[in-house]
């Protein structure tokens, strides 16, 4: 694992050279393909070196984060064209990637906390530094203080665990059972805020609306998954107390997911619609993690990966429209099928995978999550049904508003297509197909081994 | 360079500066309470000439206020050591006497319930004098505090420090007052650390003074005293970045150096089972981060509506500051690699 870390660290000087924008991006792609071919062991951790290791959960999430980071650079090409501190932007992305990489791969709970928090700073810089409106300060403060409020007790919890067990190695935590309520709350609350759970989700739509495209992509793609990853890691030694208290989180997140899905229908801003939809999807992930059965575990993992791909893709598409029309309002963006017919295919593919239509990885995840939650309680069927239905509903709502209908009459001039977007779309396609096949394949493997 | 800034290019002040350093050493190394008191008095009398500045009208008032509060505290201290000498045997503890002694020392260092002089005096001092007031002047009272303290009283004072330091800075616009309140908050951490061990205190104190030195020297070089000056000056990008990193570091956010002392103190708090106190420590540091971020709004936003006519003609040639902010970024990460 050190080799990738060093590769990223030595990419930092490259960020500060002139005209190295695309080179950095290509290096990230290259690194992602190197990482993809890492020797993969399904059942155990592997590639342990120095202080980091990798198991199947970390592997997927690291792969996702390298991938999203390189796509982020690609999508914010306008920074390079406008010369808007793009050197520092590259540095920021690489720094963020290093922090994310270490968060997903470190062996030690305290180091996990450290890098978990450290990934917040570059994200904050992305939002406040490269955002558009003055309201981005408020959004950044919401982001910072919601997450810090949750994660400072997490530090207390981690140090308490160290004092109690004399180990902070994540791998060894499975031999312990900590049956304490306050510890439980302090350990999971940070992750629930990060996910975000229904009551503490307010920072997410705000941050998404104010963030530049790269900030939105990393937020939806990776930041939310940090919470899921943390929950998957800490659940293992909190099993007994979680069995007593999990109904709270499941009920809050499922009912909240329903409310949020309905709220999606009231949105007129593309980005905030996508942001709310990701809150709704993450609510199912929380449910799946909290019921703590095998379906839930696999399903939440798969839905995290697939949601990271498809929601960041949707944010990228929303930004393409925004750069053309300088508005994210659904009324102004309507009828885009007339102008960008080939873009409407991408909107269709990404939205169909957002609503978990058949060929997508989201379907796999949602099937597993529905299985797990129904096995937990039959009553949750009603909520799950409504959430699934509404997710199809708001995806269709977004699609039909943007693509169909009359276009905005006030459009004066409009340029359609850059060659670089073709590349983005092609890469997105590759990842989409590749991840689908690979995901289903792994799923098959895991189930068979079990 | 630092000394010349400190003494304002006035060689007479050099004398008082060295006396000041010397007096602190007297008081922390003397083996009788009376010697400690003498050191404190010399310290007071040598700091007052350093305050005086013919260009600043406030400096006379400031030195008077400083003299009054400090001498009040010294008199109390003297009175209490005499009472202790006459009433108690050598190693006896007495609640009332220890509380009185501690409170006189707390007043000397500007700790919370006796802090009212501190933000006022800070307003009248130059940046470098502020630096001395916030760091060096706290050494001797704090070391003396560690000799003879009342634990419950000090824990109560720590909570007061944390809360007042964090809430007091919320509505301020003067950078000096903000740093004063942040130093009151940090005093809570330092008093706790000196209750645990002197090495821990030294660690916290050194890192805190280093961070505050970076900020103060930056503000000193840019001539900034109020928050709106940060917005109307057209700052270099790297200066903005330094400001940003140093403030986040002082706030104790993880990838920066300032996290390390806070983390270690939290560790000691939890080893000693101060769970509720830890919670207060953390939540007040959240508020502290809030007002630090208010200071660095202008550096967070890379573009905002600037008034173009206030160009600050300062190149980024401050090797010292760049170096220190580099330390601030990297030392934490490097140290994690070392300790693993």
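We did not get these values from a lab; they are worked out from the coordinates using the rules stated. Note that this is a predicted model, so its numbers are computed, not measured. Here the Cβ positions follow ideal geometry from the backbone for every residue, glycine too, while neighbour counts run over all protein chains shown.
Side notes on the structure shown:
- In this label model, residue B:280 and residue A:367 are separated by 5.7 nm, measuring between points 7 Å along each Cα→Cβ vector.
- For chain A, the longest principal axis of the alpha carbon atoms and the long axis of helix A:341-354 meet at an angle near 20°.
- Restricting the calculation to alpha carbons of chain A gives Rg and Dmax of 20.8, 68 angstrom.
- Order of B:77, A:35 - criterion: other Cβ atoms within 10 Å of each residue's Cβ, fewest first: A:35, B:77
- Helical runs assigned H by DSSP (4 residues or longer) give chain B a calculated mean residue ellipticity at 222 nm of -25000 deg cm²/dmol, each run adding -39500 (n - 2.57) before division by the residue total.
- Mean per-residue shielding of peptide A:139-148 is 3, counting Cβ atoms of other chains within 10 Å of each Cβ.
- Counting Cβ atoms of other protein chains within 10 Å of each residue's Cβ and taking the mean over peptide B:281-293 gives 3.
- Were the residues from residue A:408 through residue A:34 laid out at 0.36 nm apart, the gain over their Cα-Cα distance would be 130.1 nm.
- Computed helical MRE - 222 nm, chain A, DSSP H runs ≥ 4 contributing -39500 (n - 2.57), nearest 500: -24500 deg cm²/dmol
- Residues listed by number, segment A:12-50, amide nitrogen under 19 Å from residue A:174 label point at 7 Å toward C-beta: A:40-49
- Taking 0.36 nm per residue of sequence separation and removing the Cα-Cα distance, the residue B:226/residue B:323 pair yields an extension gain of 32.4 nm.
- Residues residue B:94 and residue A:135, FRET efficiency given R0 of 51 Å [Cβ-Cβ distance, rounded to 0.05]: 0.30
- Pairwise FRET efficiency - residue B:167 versus residue A:145, Cβ, R0 = 22 Å, nearest 0.05: 0.90
- Virtual spin-label span in nm between residue A:396 and residue B:83, 7 Å along Cα→Cβ: 8.3
- Relative packing of A:290-299, A:7-16, which averages over residues the other C-beta atoms within 10 Å, highest first: A:290-299, A:7-16
- Between residue B:202 and residue A:378, the FRET efficiency from the beta-carbon distance, with R0 = 56 Å, is close to 0.35.
- Residue-span extension gain [residue A:50 to residue A:329] - 0.36 nm each, minus C-alpha spacing: 95.5 nm
- Highest to lowest packing among B:88-95, A:250-257, B:226-233, B:54-61, scored as the average C-beta count within 10 Å: A:250-257, B:226-233, B:54-61, B:88-95
- Degrees separating the helix A:109-118 axis from the principal Cα axis of chain A, which is the longest one: 20
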